[in-house]
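Written out below as structure tokens is the structure these notes cover.
The values are calculated or read from the model by the stated rules, or taken from the named source; none is laboratory data. Predicted model only: the values in this text are computed from it and were never measured. Glycine gets a Cβ as well: all are built from the backbone with ideal geometry, and neighbour counts include every protein chain shown.
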Protein chains: 4
Amino acid sequence: MFHGVVPPLCTPLTADGAVDTASLERLTAFLLDAGVHGLFVGGSTGEIAQLPDAMRDLALRTVIATAAGQVPVLAGAIDTGTLRVLEHARRAQELGADAVVVTAPFYVAVGEAEVAAHYRRLHAGLDVPLVAYDIPSNVGWKLPGSLVAELARDEVIVAVKDSSGDLEGFQQVLDGTAGLGVSCLTGSETLADLAMSRGADGIVPGLGNVDPHGYVRLYEAAKAGDVTAARREQARLTRLFGIIDAADRTRVGRVSGALGAFKAALVARGVIRHPYTQAPLLPLTADEAAAVGAIVADAGLEPVRP
Amino acid sequence: MFHGVVPPLCTPLTADGAVDTASLERLTAFLLDAGVHGLFVGGSTGEIAQLPDAMRDLALRTVIATAAGQVPVLAGAIDTGTLRVLEHARRAQELGADAVVVTAPFYVAVGEAEVAAHYRRLHAGLDVPLVAYDIPSNVGWKLPGSLVAELARDEVIVAVKDSSGDLEGFQQVLDGTAGLGVSCLTGSETLADLAMSRGADGIVPGLGNVDPHGYVRLYEAAKAGDVTAARREQARLTRLFGIIDAADRTRVGRVSGALGAFKAALVARGVIRHPYTQAPLLPLTADEAAAVGAIVADAGLEPVRP
Amino acid sequence: MFHGVVPPLCTPLTADGAVDTASLERLTAFLLDAGVHGLFVGGSTGEIAQLPDAMRDLALRTVIATAAGQVPVLAGAIDTGTLRVLEHARRAQELGADAVVVTAPFYVAVGEAEVAAHYRRLHAGLDVPLVAYDIPSNVGWKLPGSLVAELARDEVIVAVKDSSGDLEGFQQVLDGTAGLGVSCLTGSETLADLAMSRGADGIVPGLGNVDPHGYVRLYEAAKAGDVTAARREQARLTRLFGIIDAADRTRVGRVSGALGAFKAALVARGVIRHPYTQAPLLPLTADEAAAVGAIVADAGLEPVRP
Amino acid sequence: MFHGVVPPLCTPLTADGAVDTASLERLTAFLLDAGVHGLFVGGSTGEIAQLPDAMRDLALRTVIATAAGQVPVLAGAIDTGTLRVLEHARRAQELGADAVVVTAPFYVAVGEAEVAAHYRRLHAGLDVPLVAYDIPSNVGWKLPGSLVAELARDEVIVAVKDSSGDLEGFQQVLDGTAGLGVSCLTGSETLADLAMSRGADGIVPGLGNVDPHGYVRLYEAAKAGDVTAARREQARLTRLFGIIDAADRTRVGRVSGALGAFKAALVARGVIRHPYTQAPLLPLTADEAAAVGAIVADAGLEPVRP
């Protein structure tokens, strides 16, 4: 059902912290123009954890309107408990999302039985398809391959997004869902060619905001079985991914550094207006943003013509 | 400012998962009658992670109305990012909470600078006092004692609730905030007497829902310097805390077992009507609930007369 | 320097827990006959952590004698501190090992500066080449790619064995050591084809004891650029790796299950006599061993003719 | 059987890294003179993980000879697997140790069944009593209270040393071994008074090398039920423990900082000659050692008269 390059969109902000809808429209158009196969609004890259509900909804509405049905739009429904997720997912459904992307419950540690109950209850309460989102670094818990397979068999989920960075686990998901019609998407920026060679249906790379053309080329090469071309493109993108290390990590955390770099790069390319991130994330310094710009230029990424 | 026994209230539910306001009123009255010194609505024990905003607000409104100013009411404002927390905290402020209790950001890992920015931004945007909530098991990050001290010195926070289970760290918080007028509360059910002997101002025990009289006795003994009596009471309460092990852990996770046991015990004591927990938490079986009832009876806790 | 398939040899035991040298000679011959490119004695698979020094030495002596210079023999020198490792490494050097394989210090957590000092001190005290062994699951600490690169540049190490399971990290090792003549070996049983496609020089698979021919085919296909054949062989080997799940994990730990399965499979193939593992590891039950044998047979692995 | 203050002795070194037996004799005499109730040779504080067997044995022999039966001498037998530990333990037994102190197996993760088998096999193979050593920070695994209780009931162990820092777990050990005649010792420098108030039989504090008189006073006060005096002494010792933060942690790891500080303090007090630590541990700088000396002087600890 879902396949190809599905970037998790950044959420551009204005100086006062509101959604910069004009920039978000430009980003959406930029990605569509590059040939992406889907759009994911409300992932970690979209700062969903930092956005109030009204901003979440405005971002989703903006992207759905701009995409105008050209590609599927997936919406993150990220929250700690089942009923909270259900509320987000229903709003996304009403706004026209083609699927909702949901993690295991977090903040309170639950067991496998509760996670299964979570997804089953959401499935029962929604008309929109459900995508399981495995992101242990954020949730503190890895979705077992056997549970993904069980949910796939019972048609509770239509896809899985694996942001674990663990290709062994991803292989188990691929094996466990084989023949069930479930899309297996990798969230890795740097192992995408390998995930494709193992049978991934698509890629959800945060760096795809900055260089969607690169990921589309990687995907097309991999689909065509041109392993060498896919690997060469991956190597180029992996170097570009070095922008996330531009921030001084004794000053800010990893996420401020990564999301700040994506936005600084999008500003450098002329896609969005401002590099602001949402509280409590801290922005890059001017020097750090300049370092990001230099890496972007080295990678041969030119400013986008309006 | 805040001191004594401040139980984190369970949120009783009806069969269809709504807040059972009548039971919540009874629970509030039961705790006040036992002599507790404050009430904490919207902690982990209150299933805040599982409750939609409307249920969070209804629970808070119910407790504030029942308490009627007899003791301070603290409200949890638990969410992943600063602006989301700010919205919850403002609603709590409008509903009349005496303080809001806030963790470090979670789901996306941030660094110490972002955590400091989080609390400072919240302080700037609120009139109600701020309590820092250190719960590494849920947040995935421990509030450094030095950061607590800095926030205390700058009057960003008025209290800290330490649910880390780490008395060395709590000692550092006590030392770092000494003389600043900041209340240091422990969240430990089983080390409360030791935390008191080290200088804690109060106790926020989930088990305090079930046996508030016991924790009030422990607190009063500790305040009076009667270490032996405090320890004896603690030993009794630690045995009672065994109710959290009644659930079969190959069937459900730790949190379902603990919160299910608190509610089963409150049903056994006649304080609330139903033992239901909120999705995705799973309820105790009848046998498990009976085992909880037996431990409660062994502890000499009698049903509450209406 | 080191390349190809370098199995970490199991250490066959007699009923009274001594090294079964006859079986170890047969295993060595079996591997050489399959065309492996090196032999690694004293890895985790070789139960080095469970073997006293005399048994470590006897196993190494046996393999070196049997190999008789046909392929390089690497020897694990695994211990908690620098001088302890130095003693093991010197004995291995005297016994004729072609390299010693050394982890970061463990049991007491040290920082990056101490780890660098550890390798530099060992290099200074040895004539035999040094291989860095990155196995975070055992050591509790991941060798940073930047440190591996530094040690490679300074010719402290001649190779690195990456058993982290983390291909992103392995990529950084490959990039950081490019052009320095350092061999990069993966310890993964199930991602070997992907590691090869990224530029690994060789594979150190525990499962290579059981099916060395399969790993040699995988390696040769990958070297020849036949990605499809490498992947097909990998898929077959990954299914075979299912033998490690034959043991009941409510009864024994993961390592007892894995090493017990390797030995049961080698017994089933007629290579070694007994499936015993060293204390405190617990053996498979007869039923579990039979399940291993069935998987081995399903994989088309026939008993080895004497 | 074992009770009171049992310091884990530092192992003083000469400039060339050998055991400085004269300094070790002085340290032993200093501790005995302070009234300690036992001596623990070969703990983490004694750098056992860094010492080759010959140095381990020499240190043990030196302390046993100096103690001359005045107090029990416990010997660490720390290694990864059962037979390796057995060899160390037998040597310690032959050298005259009164007990051997043993952790769970480490480096390879094993399950509870293997840990139980480990202790049972050691007990069967030794005449000297066995002390279970719970140090999750080093071993990566916490000894469950239920397993400690089982081993105590079956008379496999005669004591447990709890260096987990987790007083809840220690309480479970105390409860689970009550009435079995097993000594429960805490390894905490800073929570010793609290552990005593819960029923600990003794204290094994690394800082006890530097200020044995302080820990003896704390222990005696606690035994006499004088909680206030014990707490006051503890507060003083906790401030003194600040010496472990003198080292620049961007330069060296935590263990180098802690063990380097203990030795620098012992030099400052005139007990041992040199502050050297064993590779790969790195020494304090002169400035850091001076900072340690200043804290020692502030604490009122005077140089020891010869």
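Among the residues of the stretch A:32-48, the ones that are outside any loop (DSSP other than H, G, I, E, B) and over 13 Å from the mean Cα position of the chain (by Cα) come to 2 in all.
The sole residue among D:165, D:169, D:145 that is farther than 20 Å from residue D:38 by Cβ and more than 11 Å from chain B (Cβ to nearest Cβ) is D:145.
Residue under question is residue D:239, and the condition is that it be outside any helix (DSSP H, G or I), touching a residue at least 40 places away in the same chain (Cβ under 8 Å) and basic (Lys, Arg); does it hold? Considered against the rule, which asks whether it is outside any helix (DSSP H, G or I), touching a residue at least 40 places away in the same chain (Cβ under 8 Å) and basic (Lys, Arg), residue D:239 comes out as no. If only residues of the stretch C:236-256 that are buried (at least 16 other Cβ atoms within 10 Å of the Cβ) and either at the interface with another protein chain (Cβ under 9 Å from one of its Cβ atoms) or modelled with pLDDT under 95 (or both) are counted, the one that is farthest from residue C:47 (Cα to Cα) is C:238. Considering (1) in contact (Cβ under 8 Å) with a residue 24 or more places away in the chain; (2) surrounded by fewer than 20 Cβ atoms within 10 Å (Cβ to Cβ), the lone condition that residue A:85 does not fulfil carries the number (2). Against the list (1) of a type outside the set (Phe, Trp, Tyr); (2) within 27 Å of residue D:302 (Cα to Cα); (3) within 19 Å of the chain's Cα centre (by Cα), the condition residue D:162 fails is (2).
When residue A:69 is tested against (1) surrounded by fewer than 18 Cβ atoms within 10 Å (Cβ to Cβ); (2) closer than 26 Å to residue A:16 by Cβ, just one condition goes unmet, and that condition is (2). Consider residue A:2 carefully, then state whether it is surrounded by fewer than 23 Cβ atoms within 10 Å (Cβ to Cβ), among the aromatic types (Phe, Trp, Tyr) and more than 14 Å from chain B (Cβ to nearest Cβ). Here the answer is no, as residue A:2 does not meet what is asked.
Filter the stretch D:250-294 down to the residues that are part of a helix (DSSP H, G or I) and within 15 Å of residue D:27 (Cβ to Cβ), then identify the one that is farthest from the chain's Cα centre (by Cα). Can you show your working first?
Applying the first criterion (part of a helix (DSSP H, G or I)) to the stretch D:250-294 yields D:254-268, D:286-294.
From what's left, within 15 Å of residue D:27 (Cβ to Cβ): D:259, D:262-268.
On the way: D:259: 12, D:262: 12, D:263: 14, D:264: 18, D:265: 17, D:266: 16, D:267: 19, D:268: 21 Å.
Within the stretch D:250-294, the match that is farthest from the chain's Cα centre (by Cα) is D:268.
Residues that are outside any helix (DSSP H, G or I) and either facing chain D (nearest Cβ under 9 Å) or modelled with pLDDT under 95 (or both) within the stretch C:80-103 comprise C:80, C:81, C:103, listed in sequence order. Please verify whether the stretch D:7-26 includes one or more residues that are surrounded by fewer than 19 Cβ atoms within 10 Å (Cβ to Cβ), among the hydroxyl-bearing types (Ser, Thr, Tyr), modelled with pLDDT of 95 or more and part of a loop (DSSP other than H, G, I, E, B). Yes.
Selection of the stretch B:63-89 for residues being of a type in the set (S, T, N, Q) and either under 29 Å from residue A:117 (Cα atoms) or under 14 Å from the mean Cα position of the chain (by Cα) (or both) yields only B:80.
Can you tell me how many residues in the stretch B:148-162 are assigned to a strand (DSSP E or B) and within 14 Å of another protein chain (Cβ to nearest Cβ)? Steps first, answer last, please.
Residues of the stretch B:148-162 assigned to a strand (DSSP E or B): B:159-162.
Checking which are within 14 Å of another protein chain (Cβ to nearest Cβ) leaves us with B:162.
So the answer is 1.
Consider the stretch D:101-128 and keep the residues that are charged (D, E, K, R) and surrounded by fewer than 21 Cβ atoms within 10 Å (Cβ to Cβ). The one that is farthest from residue D:164 (Cα to Cα) is D:127. In the stretch D:172-198, what count of residues is obtained for those that are more than 13 Å from every other protein chain (Cβ to nearest Cβ) and either out of contact with any helix residue (DSSP H, G or I) (no Cβ under 9 Å at 6 or more places or on another chain) or of a type in the set (S, T, N, Q) (or both)? Of the residues in the stretch D:172-198, 3 are more than 13 Å from every other protein chain (Cβ to nearest Cβ) and either out of contact with any helix residue (DSSP H, G or I) (no Cβ under 9 Å at 6 or more places or on another chain) or of a type in the set (S, T, N, Q) (or both). Entry remark, the stretch A:174-213: residues being in a loop (DSSP other than H, G, I, E, B), out of contact with any Ser or Thr (no Cβ under 8 Å at 6 or more places or on another chain) and closer than 18 Å to residue A:43 by Cβ number 3 in total.
For the stretch D:206-223, a residue qualifies if it is crowded, with 24+ Cβ neighbours inside 10 Å and over 17 Å from residue D:29 (Cα atoms), and the qualifying residues are D:218, D:219. Scanning the stretch A:142-164 for residues that are within 22 Å of residue C:169 (Cβ to Cβ) and either among the acidic types (Asp, Glu) or surrounded by fewer than 21 Cβ atoms within 10 Å (Cβ to Cβ) (or both) returns A:142, A:162, A:164.
With within 14 Å of another protein chain (Cβ to nearest Cβ), within 30 Å of residue D:137 (Cα to Cα), of a type in the set (A, V, I, L, M) and in contact with an Asp or Glu (Cβ under 9 Å, 6 or more places away or on another chain) as the only criterion, which of C:77, C:113 stands out?
Numbers: C:113 fails: in contact with an Asp or Glu (Cβ under 9 Å, 6 or more places away or on another chain).
Result of the check over C:77, C:113: C:77.
Selection within the stretch D:50-60: residues that are within 12 Å of another protein chain (Cβ to nearest Cβ) and touching a residue at least 40 places away in the same chain (Cβ under 8 Å). The member of this set that is farthest from residue D:70 (Cα to Cα) is D:50.
Of the residues screened, residue B:4 is one that is touching a His at 6+ places or on another chain (Cβ under 6 Å) and touching a residue at least 60 places away in the same chain (Cβ under 8 Å).
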